[in-house]
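In what follows, a single structure is set out as structure tokens and then discussed.
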Amino acid sequence: MDSLRKKVGNFIAGTDTSQSQSTDQQSKQGKHTPLPVDPYYYPGLRFAFHFVTVDVTTVGQTTFGLVSGQTKVSSDVTSKYGKLSEPYLQGFVLETFKAVPGVGKTGWNASETPYQGSFSRPHGAPVYHSWQLLVVKSSIQTVERAGLLNLSTRSNEVSNPSGIISVIAQYCKQGGRLVCVELSGQKQSAGMLASIGGKSEVYGCDVFFNMPCHPNPTLYTYQLVNVPVQVMYLGPGKLVKVTCDWMGHFAQHLQQGWKLTDIFWDQGKRSHGEFSLSGDYNSVWFFEKECSRMQDLTPVYEGTIIEYQHTIGFFETKAKGDWTPMITEMGNRGWELACMLETPEITKIGLGNVTFKLLFFFQRRIMQSQPYAGYPSVPPQGIPGGYGPPPPGAQYPVAGQAAGYYAPPGHATAAPPPGGYPNYAPPPYSDRPEPSAPPLPEKQ
């Protein structure tokens, strides 16, 4: 996604300045679609969030040569992971770890990018637990099936995620729960002659797990779903359009009892034509389910997606908005953060600024007291008088981008499966009091 972001940045170099800038107050708050509203009190757990930001430096090195020439990019992200373990001492567990899109410092052969870790713990529950963070090194390789020997007018970059799949299979057998997969900033590509028949690049990836320290942990299984996303570049200085049924793919698997863990851009791409930046980019969705429930298709979680307008300046090192208040408010309403997804979609171009669309995927356990699963931010069309329970057998379409999914007929008012905390299974919290340590700083 980093290479795609650079392409977008170069693409909009002829910036259109006809639109005015947003006010400072709006920029600081950050714009997003409405949060889902519950017409009934949600009886499930609420979550407190904590955020840790670290600056990661990447350094590039190029050696020239037709055969032996290569480009290597290394990063110091590994040295930062110790800071991600500290919140575990106060009962938090990692939910996501992502690069903050579009900001940082760029030099001649080095750059500095902020990464943000999002942590959560349940409100009102003892905070001591027996989980620990584990980060496993892996990689993903892409092969471009178009070169001087390929007469096709379309390039096709195919990725191989077998290394990531192997890592997940290894550690989920030990009770580990996948948190996310993130590019580490490391990259290696071959020389010119080596890429004639198809350019190959290797990207370093880090796979994050919450590993149990308690005996007999619940085992989970994972499925990876490839979802193509169409990216259309409308011309220099114009907007960039992204087409994908995000909520449709999300709801499809939630309704079969799965839970979303992460969405990862695997660098795979199929271009729409020669020298065209438009194409179908491949996203990989990671879904989780308890091994004992593999044949059970009862929905356990409901989901919602919040669109966030992420405004950045061309030469600034910090974003103009802050999404952490939105995530915190969603946690207060019982929603867990599944992932933050950076998209290349440009929604606005202003005076020295560009606004990208980010997607925040949230989910929470379906509780019995809800009349039906998922609540739109506005009443669905054709339903006068607010949010009464739907007619028998009805399944309303999603209304607005902030709407959650709707459980299929027969599951709308079903009781949730037995068990404890939505995100910690089993939750081996002790009965010790809250820790007396001071709050962690917002940035470390």
| Contour minus Cα-Cα distance for L134 and T78 (0.36 nm per residue) | 19.0 nm
| note | The pairs in K72/K357; K31/K83; K137/K241; K98/K289; K31/K289; K72/K238 lying past 28 Å Cα-Cα in this model are K72/K357; K31/K83; K137/K241; K31/K289; K72/K238
| query | Semi-axes of the stretch 214-330's equivalent ellipsoid from the Cα gyration tensor, sqrt of 5 times each eigenvalue, largest first, rounded to whole Å? | reply | 33, 21, 13
| In nm, to one decimal, how far is the modelled label at L35 from the one at S162, with both set 7 Å along Cα→Cβ? | 4.6
| field | Rule-of-thumb Rg ratio for the stretch 99-143 [Cα; 2.2 N^0.38 Å; N residues] | value | 1.86
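Bear in mind these aren't lab numbers, they're just calculated from the coordinates by the rules spelled out. What you see is a predicted model, and the numbers here were worked out from it, not measured in a lab. All Cβ positions, even for glycine, are placed from backbone atoms using ideal geometry, and neighbour counts span all protein chains on display.
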